[in-house]
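Each reported figure results from applying straightforward, stated rules to the coordinates on display, with no laboratory input. Bear in mind that the values here come from a model prediction, so they are computed numbers and not experimental data. All Cβ positions, even for glycine, are placed from backbone atoms using ideal geometry, and neighbour counts span all protein chains on display.
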Amino acid sequence: MDGVNYSIRQLVKPELVEIAHNYKVLHFDDFPILYIGTNMFGNKIIGSHFEEDDENKKIICLHTILTNKQYYDFLTSKTSYLYILKSSESICLVEKDYNFKVLRAYDFDFNSIPAEYLPLEDSYCPVTVKAHSLNFSISLKGKLADINKAVAEEVSKIQNGFTEFIEDRVNSIKGLCVVPKALLEPYGMGSFRLNFELELNQKGNKGNLFLQQAPVDKYLANYLTYITSNFIEDKENYKPNNNDASEPFLGLEQTLSEVYDKACIAKPDNLRQLLKEDIIKSVLKFEKVSDEVGDNFDSLLITSTGNEEETPISYIDHKFSESFGDVIEEVEIAHKGVTVDQDFKEYKIYIYHLNTDTRTGNALIRNVDNDEEMSKPKIKIDGEEGLEKTKYTESLYLNKWITVAAKAKKIGEKFSRLDIKFEE
């Protein structure tokens, strides 16, 4: 590349930036101009073509290691390639032979890229046909996940929560007559990764010959994208007696309509209302997954996997998780009402999660009118005294039910929060 002496730059091990799996060309013109994939460690890579060196029979490219958020934001056209390069600290200049084998890689930086080689301001991901499947992957990033570890209890909650979510969404399609079963596949490389395969087994002796034509995979992917990208903005549409529908919602409704049409089953007359009601139910299920972000990993990325392709569906970090929970509570209050204790009352609880630094966590408590059902409210313990060797940590570590003085917030008959008075 004229004017850049990259031969004196620091060498990078080729395996760090070479695409080993999930290679996909996004734009082609004589050579692959823009492409994505993953390295041997499962990290996402975006690459772009610079120029050919015919004299030395080399191709010069840029390869950049992406975070899960960068990967999701680019492929969903939320951010541009130029922005990724500007904000990245993991750009490499790569030499390849004419068989596209990486020969050398050099550490590089945005300011060294000549102006004529920079992508345009509107260099968003080209429109591609999205690959959908009934295979899903949840990739955790940050903290423990970056050393391929995770807390067993959190993994169990994510597995169970996601399984319950996708199975329920299929069951909610009236007349489809299938039994969905989510199967776990071996954990994958790249931080900590959970893999799922959803089986759709038909009920009874009479199978639906048209089931394979129904875009159930597309519907599930679009549903996940909607609740994690649009539900928060659409919150007013889920209040009682509100019949408004946003453009993203109408797109999801259209996909559901296609499922009915292509499966040749009767479509409910009140499809829109049923979908809204199902979304309200589904976000409560999905909250079990999003609630796990924060303590031991920073974010999670949900992708649709199949045919050696990955399509990003949802990206969730702690900021999203908090906003998501707040909106769910707001919608629930609109439907069920809220009551808040004015004075401290005695409650019997079992604390199953507690951050002793922030003094926040979660507990189990039996509902007032039905002691066979339990709520899982968020808790906050007041004061500044250490929580070690108190009844609160005894409840956590010794699996004990304890009596606390607290002001409770209830949505309908379900406890949503307990502000606990610290007691020695």
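Among residues belonging to the range 52-82 that are of a type in the set (D, E, K, R) and farther than 17 Å from residue 27 by Cβ, point out the one that is surrounded by the most Cβ atoms within 10 Å (Cβ to Cβ). Taking the candidates together, the pick is 73. Within the range 151-176, take every residue that is without any contact (Cβ under 8 Å) to a residue 40 or more places away in the chain and surrounded by 14 or more Cβ atoms within 10 Å (Cβ to Cβ) and give me the one that is farthest from the chain's Cα centre (by Cα). Taking the candidates together, the pick is 167. Beta carbons closer than 9 Å, at least 6 apart along the sequence or on distinct chains, pair a first residue in the range 341-370 that is more than 19 Å from residue 414 (Cβ to Cβ) with a second that is surrounded by 13 or more Cβ atoms within 10 Å (Cβ to Cβ) and hydroxyl-bearing (Ser, Thr, Tyr) for 354/360; 354/392; 354/393; 354/395; 356/392; 356/393; 359/392.
For the range 356-424, the strands (runs of 3 or more DSSP E) that sit wholly inside it and include 1 or more residues that are more than 33 Å from the chain's Cα centre (by Cα) and either surrounded by fewer than 18 Cβ atoms within 10 Å (Cβ to Cβ) or β-branched (Val, Ile, Thr) (or both) are 402-411. Every condition in (1) without any contact (Cβ under 8 Å) to a residue 60 or more places away in the chain; (2) surrounded by 14 or more Cβ atoms within 10 Å (Cβ to Cβ) is met by residue 264 except one, and the failing one is (2).
Only one of the numbered conditions (1) over 30 Å from residue 145 (Cα atoms); (2) free of Cβ contacts under 8 Å to residues at least 60 places away in the same chain is violated by residue 215, and that is (2).
Somewhere in the range 312-326, is a residue of a type in the set (A, V, I, L, M), farther than 18 Å from residue 416 by Cβ, surrounded by 21 or more Cβ atoms within 10 Å (Cβ to Cβ) and touching a helix residue (DSSP H, G or I) at 6+ places or on another chain (Cβ under 9 Å)?
Within the range 312-326, one or more residues are of a type in the set (A, V, I, L, M), farther than 18 Å from residue 416 by Cβ, surrounded by 21 or more Cβ atoms within 10 Å (Cβ to Cβ) and touching a helix residue (DSSP H, G or I) at 6+ places or on another chain (Cβ under 9 Å).
If you go through the range 324-355 and keep only what is assigned to a helix (DSSP H, G or I) and either of a type in the set (Gly, Ala, Ser) or farther than 19 Å from residue 284 by Cβ (or both), you end up with 325, 334.
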